[in-house]
């Protein structure tokens, strides 16, 4: 069974130094358990800390050298189609950059492969061309799903811990560097100066309707009268008086 791991260079949340993502190191361990010659695939301007994956269980690494602002999905999809792995592992999202977490989904859509998220364990299926994936669910639950290969799998944080780093294996690992191109991935958002927004007042869970209305509008509920089965005209006058008291504008009445 042929396994491939998508790798990205992240930044440590404390030191901000380049590092290999823990989820991708966990993916390298799962891949090594399926394929002794499991390889990694990285697209970016430099290899950097991604090379550490060679010491975490991967036998080789392919680096698609491309511009930092280029969309890596077309180049990754073409390389995966050429390599034809049975399983492609990926982390749930990047770390320290534009962490959308959409790359595995975009790749699966482009390749026409199914995607199974939050995997913690994988074993070959009973039938040829299938695999049993143990998937993490909320509240610690687990379920086993039998899927047909090839497939894209994202690794959950509850997967087995990464293998201990082996410096000698990292030095011996093969690195294949290739030039690649991709369309410029321009951000769709718009940058604006920060503007402080008003905070809504905390609304009481209990109390009367007048007290809840006062909390929502910032007014005071004091001064109202309690009417028991009033006439419609009297109730309407009391409501209008209360709205004037709390400062409700006429356009909102």
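Would you mind finding the one in 36, 23, 27, 16 that is out of contact with any helix residue (DSSP H, G or I) (no Cβ under 8 Å at 6 or more places or on another chain), at pLDDT below 90 and closer than 22 Å to residue 85 by Cα?
Values: 23 fails: at pLDDT below 90; 27 fails: at pLDDT below 90; 16 fails: closer than 22 Å to residue 85 by Cα.
Sole residue among the options that is out of contact with any helix residue (DSSP H, G or I) (no Cβ under 8 Å at 6 or more places or on another chain), at pLDDT below 90 and closer than 22 Å to residue 85 by Cα: 36.
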Read through the list (1) closer than 21 Å to residue 158 by Cα; (2) surrounded by fewer than 21 Cβ atoms within 10 Å (Cβ to Cβ), then give the number of the only condition that residue 56 fails. (2)
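Would you call residue 90 closer than 22 Å to residue 123 by Cα, buried (at least 22 other Cβ atoms within 10 Å of the Cβ) and touching a strand residue (DSSP E or B) at 6+ places or on another chain (Cβ under 9 Å)? Give the derivation first.
Details: closer than 22 Å to residue 123 by Cα: yes; buried (at least 22 other Cβ atoms within 10 Å of the Cβ): yes; touching a strand residue (DSSP E or B) at 6+ places or on another chain (Cβ under 9 Å): yes.
It is true that residue 90 is closer than 22 Å to residue 123 by Cα, buried (at least 22 other Cβ atoms within 10 Å of the Cβ) and touching a strand residue (DSSP E or B) at 6+ places or on another chain (Cβ under 9 Å).
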Test of understanding: among 77, 3, 83, 59, which residue is touching a residue at least 40 places away in the same chain (Cβ under 8 Å) and under 23 Å from the mean Cα position of the chain (by Cα)? 3
Which numbered condition in (1) under 17 Å from residue 5 (Cβ atoms); (2) free of Cβ contacts under 8 Å to residues at least 24 places away in the same chain; (3) surrounded by 17 or more Cβ atoms within 10 Å (Cβ to Cβ) is the only one that residue 135 fails? (1)
Number of positions in the stretch 143-164 that are touching a residue at least 12 places away in the same chain (Cβ under 8 Å), out of contact with any strand residue (DSSP E or B) (no Cβ under 6 Å at 6 or more places or on another chain) and loosely packed, with under 15 Cβ neighbours inside 10 Å: 3
Limited to the stretch 175-188, what total is found for residues that are modelled with pLDDT under 90 and surrounded by fewer than 15 Cβ atoms within 10 Å (Cβ to Cβ)? 7
How many residues, within the stretch 1-28, are outside any loop (DSSP other than H, G, I, E, B), surrounded by fewer than 17 Cβ atoms within 10 Å (Cβ to Cβ) and in contact with a strand residue (DSSP E or B) (Cβ under 6 Å, 6 or more places away or on another chain)? 1
Across the stretch 100-122, what is the total count of residues that are under 21 Å from residue 24 (Cα atoms) and surrounded by fewer than 12 Cβ atoms within 10 Å (Cβ to Cβ)? 1
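The values are calculated or read from the model by the stated rules, or taken from the named source; none is laboratory data. Please read all numbers here as calculations on a predicted model, not as lab measurements. All Cβ positions, even for glycine, are placed from backbone atoms using ideal geometry, and neighbour counts span all protein chains on display.
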